[in-house]
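The values are calculated or read from the model by the stated rules, or taken from the named source; none is laboratory data. Just so it is clear, the structure is predicted and the values come from calculations on it, not from any experiment. As a convention, Cβ positions derive from the backbone with ideal geometry for all residues, glycine included, and neighbour counts pool all protein chains shown. Note: areas computed on protein heavy atoms with side chains; ligands, DNA, RNA excluded. Shrake-Rupley method; radii C 1.70, N 1.55, O 1.52, S 1.80 Å.
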Amino acid sequence: MSAPAAEKTGSTVRRDPHAALEIIDVSVKFGGITAVSDVSLSARRGQITGLIGPNGAGKTTTFNVITGLQEPTNGRVFIGEREVSHLPPYRRSRLGMARTFQRLEVFGSLSVYENVLAAAEFHHSWSDDATPPRLVANEIVERVGLSTVSEERVDALPTGIARLVELGRALATRPDLLLLDEVGSGLNHEETAALGDLMIELTRDGTAILLVEHDVELVMRVCDRIFVLDFGRLIANGTPEQIQKDPAVQAAYLGADTEEQK
Amino acid sequence: MEIFLSYTVVGIVAGCVYALIATGLVVTYNTTGIFNFAHGAIAMVGAYTYWQFQDDFQGWGINPVISLILVLFVLAPLFGLIVERVLMRPLQGASVDLTLVVTLGLLLFLVGVAQIAWDPNVTRNLPSFFNGAGFNIGYVQVSYHEVVAVVATVAIAISLRILFNNTRTGIAMRAVVDNPDLLAMAGGRPVRVQQLAWALSCSLAALAGILLAPINRLDILLLTLLVVDGYAAAIIGRLRNLPLAVGGAMAIGLGQNYLNGYAHSGFLNRIQFTIPMIVLFIMLILLPQDRLKTASFSGAVAPRVAGLKSSLIWGAVLIVGTYLVSLSLSDINLRTGASGFALALVLLSLLLLTGYGGMVSICQMSMAGLGAIAMGHVASGGSLLGVLAAIGLSGAVGALLALPTLKMRGLYLALATFAFATVMDQAVFTQVFGTGGNLAIGRPHIPGIPTQSDQAWMMVCCIVFTAAAVAVLAVRRSSFGRKLVAVNDSPAACATLGVNVNYTKLIVFTSSAMMCGLAGVLIGGVTKQVDALTFPALLSLVALLLARVGGINTATGVLLGAFTFALFPVFVPHLPHILHNQFLLTGIAAVSVGRDPNGIGGRIAEGAAYLRKAFGMEAKPQFVATGPVAGTAAAVFLEEEANLVSAGR
Ligand SMILES: Nc1ncnc2c1ncn2[C@@H]1O[C@H](COP(=O)(O)OP(=O)(O)OP(=O)(O)O)[C@@H](O)[C@H]1O
Ligand SMILES: [Mg+2]
C-alpha cells in the first residue's frame, strides 16, 4: 500500500520509505506556547533512534502526538506505510506500537506481575498471537529483571522500578516500535547498563526503538541515530559522533546546562 | 403579546433565581475548588428557617424584615462558616471523590434535619414579599416579590463583579484555588478568603430559597431539587465565569417559561420542568473533558479480591444463614430482609461500576425503576419474560446513557447521571405511573420453585444477590476485571496498549445498569406494586453513599451498607428521637465513615487478614474481601433483633 498522502505537497510525502515510524512537519501549540514546531523525524527497524534535548524541548509532547494522546496543531504521523494521523490511540497501538511514560502511568492498584499480565492479555485479545498471556508475562518479568518484586503492588514501588514495570508492560504487547520516555532515570549505573543491553538485544529482533533519555552516556552508547530538539525545533540529526561535534547542539546544551544535569 | 410579556416576566424572575444559585456555586468552586452538591439543601433550609421566624401561627411571628435580615446576614453566613470549618477545610487537596461524598452527605443530612424539624406532612405557606402585592404594566401583572428578586439579583451581580475585579479580597478569592500556597506567601490568607466564600455562598443560597419557595411550594424535596436546576447555569459558566453563568440562567429561565406558555400540551409541555436538567446534561457533554491522561498513584489500596472457592463457601453460608433466620421472621420482617437484599444488589452494581471501574453514578435507582416498569408491563407482571425485559430495558437505557458520558469522570459524571435521574423522576416515572397512581408487579412464577410467599421471596432476593456477588467477584478476578482496574488506574496507558477504553467502559456501564434492572424486579416484588416515589433520584444518591460507607470495593461492604439502611425501621426504636431519619443518618455516616475510601468493608477485610495472620494461617488472605461472613453475622444479629421487635409489638 502506498502512502495515501501522495497527492499532498511535496513536503508532506514520506521521506524515509524504510522507516517503522515517520512524523512529518508536526507542530503543537498550547495556547500561546509552541511546544513542538515543524518537527520531522523517523525511526528505523532494528535501530535505536535517540530523541534528545533540554527540559521542555518538546520530546514528551512529540511522543504524545505519535501515540495519539495529543492532537497536533499540524502534521502527520506514519507507522510503517500507514498514515495514522486520524486514528485513535488504541488503533495505533494495535499496529505494533508501545510506549512508556515519563510521568508514570502504571496500574498502581495491580501487582507488578498483573501489570505485565494485563498488557499481555490486551495483546492476546486483539492480535493473532496465541501464546498464553501468563507465559508471556512470566518471560517478560524475568527479562526486565522484576522477578523479585513481581507480587508487589506497583504504587508501593520506587519510581525507578515502576519505570521498568512500564517497560515490561510495553514489551508484553510484542511491539515492533517501542517509544521509551526516560526509562533509565532512577536506575543506578549497573541497572542502566543492563537496560542498554536489553535495548540492543531487542533491536536484533528487528524492533525499532525511539529513545528519549537525559543520560548522555547511555544515548551515545546505544543509539544509531540521534535527533536533537531545542525549544520545539529540530536543531540537528545524525550519528552520535556527528551530534557530539555539532556546534548548535553544544550551544543548546550549554545554554541549558544546569537543567540537563537533573 | 400580553401572554408573551407575562411569561417574559416570570421567565426573568426564574432566571434571576437560577443566577443567584449559580453565583453561589461559582463563588465556592472558584475559591475552594469544591463543587457544593448541598447548595440546594442549604437554600431549602434557608427558606424554612425564614418561614419559622416570620410565620404568625406555626412559627415565631417575628417581623418579616427582621427575620430576613437575621437569616440572610446572620444565620446563613454563620452556617457557612461552620460548614467551612467542620467539613470543607479538611478537604483541602482531597480527591474529587471525597469532596463528592462529603457534599452529597451534607445534602442528605440537611434534608434529614429539615424533615425532623418541619414535619413534611404539615402544609406550610411562605408568603411572597409584601404579601403578593404588585402593580400592572398594561395587562401584565408584576408583583413586588418579583421586583425584589430582579433588583436583588442585579445588585448582587454588580457588587460581585466589583468585588472580584476591583478589590484585593476578590482578586485573592479568584487566585486562591489556583495556588493557595502562593497566595499565602504573598500575604493573602486563603482560610479567610475561603471562610468569606462559604459565608457568602450560603447567604446567596438562602436568598434563592426564600425567593423560590413562595413561587412554588414550601416542600423539602421540591425545593432542594429545584435549586439543583440552577446547577445547569453554573455549568454553562464552566463553574468559573460569572457573567456567562448569569446569562445561562436567564436563558434557561426564559426558555422554560416560554415552553410553559406556548406548548400547552404534548411532549414539550411535559418536559418543561426538566429543561434545566437537559441543559445541564448537554453542557456536560459539550464541556472539554480532562485529557485521557490521569495521575497514577492515586488509587486507594483496595482490599484483596476473594478467590472463587472462598466466595462460593461464604455465599453458601450467607444463603443457609439467611434461610435459618427466615424461619423465625414475621412477614413484615421477611419483606424488610428481602428489600435489604434487593438494595444490596443495587449497591453491588456500584461495586462493579464505581468500586472497580471508577465511574461514579447517581442514577442506579432510576435504572432499577426502569426494570420495575418493564416487569410490570410484560406478560401481566409476573413472568420470567418480564425479568428478561427488565434486564434488557435497563441495560439498553444504560448503554444509551453511557455513550455521551463515556469521556466524563468524577464530578461531571456525577452531575450528568444525577441530571438523568432527576429527568427520570420528573418526566418518566410521573408519566408512567401517573400522579398518585401505581403499577402492580408480580413475583415471577418459576416452575417447581416456590416464589410467592414472603419467605420464599426473601430467599429469592438473597440467592440472586449472592449469585450476582459471586459473579462480580469472578469478573474482577478474570482478565476483564484486570482490564477494568487498569482502565481506571490509567486510561492513557491502556489506550497505548491497544485497549478500546470507551468500549470497555460501555460494557461495564451497561452491565451495571442490567443489575439494577434485576434489582428493580426484586424491589417491586417485595411490595408487589411500585409508584412514582419508589425510585426517586434522592435514593440513587443514598445508594451511592451507602455503598461508600459500607465499602464500595467489597461484596461484604455493599451488603452491609444496604442492610444498615433497610433495617432502619428495626433499629430506629432504639435511637434517640432526634435521629429518627434515614437521610440524616446516611448523611452523618457519609461525612464521617465515608471518608475512608474502603469503608467498613475494608476495615473488616483488614481485621480478617490480621486474624488469619495471628492464627498463623496462610499469609496471603484468600477470603478476605468476600467476607459475606460479616454480612451474615450482621444480618443474623439484626434480624433476630427485628423479630424480637415485631414480636414485642
Ligand atoms: N498539556 C500541556 N499544556 C500546556 N503546556 C504544555 C503541556 N504539555 C507540555 N507543555 C509545555 O510544552 C513544552 C514541551 O514540554 P515537553 O514535556 O514535551 O518537554 P520535554 O522535552 O519532554 O521536557 P522534559 O525533558 O522536561 O521531559 C513545555 O514548555 C511544557 O511546559
Ligand atoms: Mg518529557
message = If packing is taken as the average count of other Cβ atoms within 10 Å, what order do B:502-514, B:81-93, A:126-138 fall into, highest mean first?
response = B:502-514, B:81-93, A:126-138
query = Once A and B are treated as a pair rather than alone, how much accessible area drops out, both sides summed, in Å² to 100, probe 1.4 Å?
reply = 2600 Å²
inquiry  = How shielded is A:163-176 by partner chains, expressed as the average number of their Cβ atoms within 10 Å of its Cβ atoms?
reply    = 1
key: All aspartates and glutamates inside 20 Å of residue B:483 as judged from Cα atoms, apart from same-chain residues fewer than 8 positions distant   = A:105, A:114, A:121, A:128, A:129, A:151, A:152, A:155, A:166
remark   = Filtered hits (aspartates and glutamates, Cα-Cα < 17 Å from residue B:407, offset >= 8 within chain) -> A:71, B:97, B:290, B:489
ask   = For chain B, what's the radius of gyration and Dmax over Cα atoms, in angstrom?
value = 25.3, 88
task = Please calculate how many Å² of accessible area region B:49-143 carries per residue, with a 1.4 Å probe and no DNA, RNA or ligand atoms counted.
result = 53 Å²
ask   = How big is the Rg/Rh ratio for the protein assembly as shown, C-alpha atoms only, Rh by Kirkwood, two decimals?
value = 1.01
query = Share of antiparallel DSSP beta bridges in the protein assembly as shown, in percent to the nearest 5?
reply = 65 percent
inquiry  = Students often check this: by mean Cβ neighbours within 10 Å, which of B:347-353, B:495-501, B:54-60, B:549-555 ranks highest, and how do the rest follow?
reply    = B:549-555, B:347-353, B:495-501, B:54-60
key: Cα-based radius of gyration of region A:104-174 once divided by 2.2 N^0.38 Å, which approximates compact folds   = 1.00
Inter-probe distance in nm under a simple model that places probes 7 Å from Cα toward Cβ, at residue B:141 and residue B:217 = 2.0 nm
request  = Note the angle between two axes, namely the Cα long axis of helix B:144-166 and the longest principal axis of the Cα atoms of chain B, as a number of degrees from 0 to 90, rounded to the nearest 10.
outcome  = 90 degrees
message = Accessible area of chain A with a 1.4 Å probe: how many percent of it is carbon plus sulfur?
response = 50 percent
Reachable aspartates and glutamates from residue B:613, criterion Cα separation under 16 angstrom, eight or more residues apart if same chain = none
query = Under 19 Å from a point 7 Å along the Cα-to-Cβ line of residue B:131: which residues of region B:141-172 have their amide N that close?
reply = B:142-148
key: In nm, spacing of pseudo-spin labels at residue A:142 and residue B:313 (7 Å Cα→C-beta vector)   = 3.3 nm
ask   = Loop-only check: which trypsin sites (Lys or Arg not before Pro) in region A:43-112 are DSSP coil with at most 12 other Cβ within 10 angstrom?
value = A:103
inquiry  = As a test of the definition: which semi-axes, in Å, follow for region B:1-61 when you take the square root of five times each eigenvalue of its alpha carbon gyration tensor? Largest first, please.
reply    = 26, 25, 7
message = What does the net charge come to around residue A:206 if you take all other residues with beta carbon closer than 15 Å to its beta carbon, with K and R at +1 and D and E at -1?
response = 0
query = For chain A, what class follows from the C-alpha gyration tensor (a ≥ b ≥ c being the square roots of its eigenvalues): rounded when a/c is under 1.5, otherwise prolate if a/b is larger than b/c, else oblate?
reply = oblate
inquiry  = Nearest 10 degrees is fine. How inclined is helix B:96-117 to the longest principal axis of chain B, computing both from alpha carbons?
reply    = 80 degrees
ask   = R0 = 35 Å: FRET efficiency of residue B:383 with residue A:127, Cβ-based, nearest 0.05?
value = 0.20
inquiry  = I need the P(r) histogram for region B:39-126: all alpha carbon pairs, bin width 10 Å from 0 out to the longest distance, whole percents.
reply    = 15, 42, 29, 12, 2
key: For region B:475-586, projected area of the alpha-carbon convex hull averaged over all directions, nm²   = 9.1 nm²
Normalised per residue, the volume of the convex hull around the Cα set of region A:52-207 (Å³) = 126 Å³
query = Solvent-accessible area per residue for region A:181-232 at a 1.4 Å probe radius, Å²?
reply = 41 Å²
query = By its C-alpha gyration tensor, with a ≥ b ≥ c as the square roots of the eigenvalues, how is region B:513-553 shaped: rounded for a/c under 1.5, else prolate for a/b larger than b/c, else oblate?
reply = prolate
query = Can you give the angle from 0 to 90° between the axis of helix B:537-550 and the longest principal axis of chain B, with both taken from C-alpha atoms, to the nearest 10?
reply = 50 degrees
request  = Please label the shape of region B:2-288 as rounded, prolate or oblate, based on the square roots a ≥ b ≥ c of the eigenvalues of the alpha-carbon gyration tensor (a/c under 1.5 means rounded; beyond that, a/b larger than b/c means prolate, else oblate).
outcome  = prolate
query = At a 1.4 Å probe radius, carbon and sulfur cover how many percent of the accessible area of region B:67-125?
reply = 67 percent
